[in-house]
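Here is the structure we will look at, set down as structure tokens.
The values are calculated or read from the model by the stated rules, or taken from the named source; none is laboratory data. Predicted model, so just to flag it, every value in this text is computed and none were measured. Neighbour counts run over all protein chains shown; Cβ positions are idealised from the backbone, glycine included. Heads up: the accessible areas ignore ligands, DNA and RNA and are worked out on the full protein's heavy atoms, side chains in. Shrake-Rupley method; radii C 1.70, N 1.55, O 1.52, S 1.80 Å.
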Amino acid sequence: MVALDQLTVRALSADTWDAFAALAERHNGVWGGCWCTWFHTMHNEKTFDAVSNRDTKHRLVLEGRAHAALVFDGELAVGWLEYGSPVELPNIYHRKEYEAGLERLPDYRLTCFFTDRNYRRQGVSAVALRGALSLIADAGGGLVEAYPQDTAGKKITASFLYNGTRSLFEQAGFTYQRPKGKNHCVMTRTV
């Protein structure tokens, strides 16, 4: 069991890239080699190749166009939450339905959690969420939007919880806006 008060959060950057890459590599590039690039690229831009995705993510980090709150246990990265502007993260699931109910684009999107298999179901996602909100506030803040799974209290396999859960976001002060897709919703908070 991890001591949550011992975990720290650092921004994904050139300085933390090696720790991020080590976490992704321990998990086969995450989600079959995605390297947390799915939300960065539209379908016609995707390579579906782990090496190419790694290179894309690394390039975006070096260019300052990929953001994440990395959770550390000492010097070991054990989780993250990807965030960024809609320009940085244009691709979201159920886009047509999302756009039909859109009143205004958010300043930031929270798109993808990932937690090391040895740290799951211990609160790392909540630490990553608090860290991302803090990093967003430090960057000037604004309207933050998330698209969590609305589990209705059911236990769901972690691989389906890449967007987190509605209850996690409610505990962090987010407000439910509307459903999106079969089991997801749109939630917002201003920071």
Q | the stretch 52-173: radius of gyration and largest Cα-Cα distance (Dmax), Å | A | 14.6, 44
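Kindly give Rg over Rh for the stretch 102-191, based on alpha-carbon atoms, with the Kirkwood expression for the hydrodynamic radius.
On the way: Rg = 12.8 Å, Rh = 13.4 Å.
Checking Rg against Rh, the ratio lands at 0.95.
Explain nothing, just the number: relative contact order of the chain, from Cα pairs under 8 Å at least 6 residues apart, as a whole percent. It would help to have the intermediate numbers written out before the result.
Values: 338 pairs, mean separation 37.9, N = 191.
Rounded, it is 20 percent for the chain.
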(Q) Multiplying the sequence separation of residue 188 and residue 104 by 0.36 nm and subtracting their Cα-Cα distance, what value in nm do you get? (A) 29.1 nm
(Q) Using the Kirkwood formula on the Cα atoms of the stretch 4-61, what hydrodynamic radius do you get, in angstrom to one decimal? (A) 12.2
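First measure r as the distance between the Cβ atoms of residue 97 and residue 41, then evaluate 1/(1 + (r/R0)^6) with R0 = 22 Å and state the FRET efficiency to the nearest 0.05. Write out the running numbers ahead of the final one.
Working: r = 20 Å, r/R0 = 0.92.
In this case the efficiency is close to 0.60.
Before I look further, what does the stretch 102-191 give for accessible area per residue, probe 1.4 Å, in whole square angstrom? Before the final figure, lay out the partial values.
Values: 4370 Å² over 90 residues.
Value returned for the stretch 102-191: 49 Å² of accessible area per residue.
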Q.
Please compute one quarter of the surface area of the Cα convex hull for the stretch 43-118 and express it in square nanometres.
A. 6.8
Q | Cα lying deepest toward the dipole's positive end in the stretch 1-71, options 2, 43, 24, charges on Cβ | A | 43
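Considering only protein heavy atoms and a probe of 1.4 Å, how much of the accessible area of the stretch 63-191 is carbon and sulfur, as a whole percent?
Working: 2950 of 6010 Å².
Carbon and sulfur together cover 49 percent of it.
Full extension from residue 130 to residue 151: what is 0.36 nm times the residue separation minus their Cα-Cα distance, to one decimal in nm?
Working: separation 21, 0.36 × 21 = 7.56 nm, distance 2.08 nm.
Extra length from residue 130 to residue 151 when fully extended: 5.5 nm.
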Q.
Could you order the peptides 26-36, 12-22, 96-106 from most to least packed, using the average number of other C-beta atoms within 10 Å per residue?
A. 26-36, 12-22, 96-106
Q. Long-range amide H contacts for residue 76: which residues qualify at under 5 Å (H placed 1.01 Å from N, peptide plane, sequence gap of 5 or more or a different chain)?
A. none
Q) Given R₀ = 35 Å, FRET efficiency for residue 121-residue 63 by Cβ-Cβ distance, to 0.05? A) 0.55
Q) So which aspartates and glutamates pass the test for residue 180, namely a Cα distance under 18 Å, with those fewer than 8 places away in the same chain ruled out? A) 97, 99, 103, 145, 150, 170
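Assign one of three labels to the stretch 110-155, namely rounded, prolate or oblate, based on the Cα gyration tensor with a ≥ b ≥ c the square roots of its eigenvalues; rounded applies when a/c is under 1.5, prolate when it is not and a/b is larger than b/c, and oblate otherwise. Walk me through the intermediate numbers first.
On the way: a/c = 2.83, a/b = 1.48, b/c = 1.90.
It comes out oblate by the Cα gyration axes.
Let me know the charge dipole size of the chain about its Cα centre in debye, to the nearest 20, where only the beta-carbon of Lys, Arg (+1) and Asp, Glu (-1) is charged. List each step's numbers first, then the result.
Details: 22 positive and 21 negative charges, 146 e Å.
Rounded to the nearest 20 debye, it is 700 debye.
Run the dipole for the stretch 42-122 about the Cα centre, Lys and Arg Cβ at +1, Asp and Glu Cβ at -1, nothing else charged, and hand back the magnitude in debye, nearest 20. Walk me through the numbers on the way to the answer.
Values: 12 positive and 13 negative charges, 42 e Å.
Its charge dipole is roughly 200 debye.
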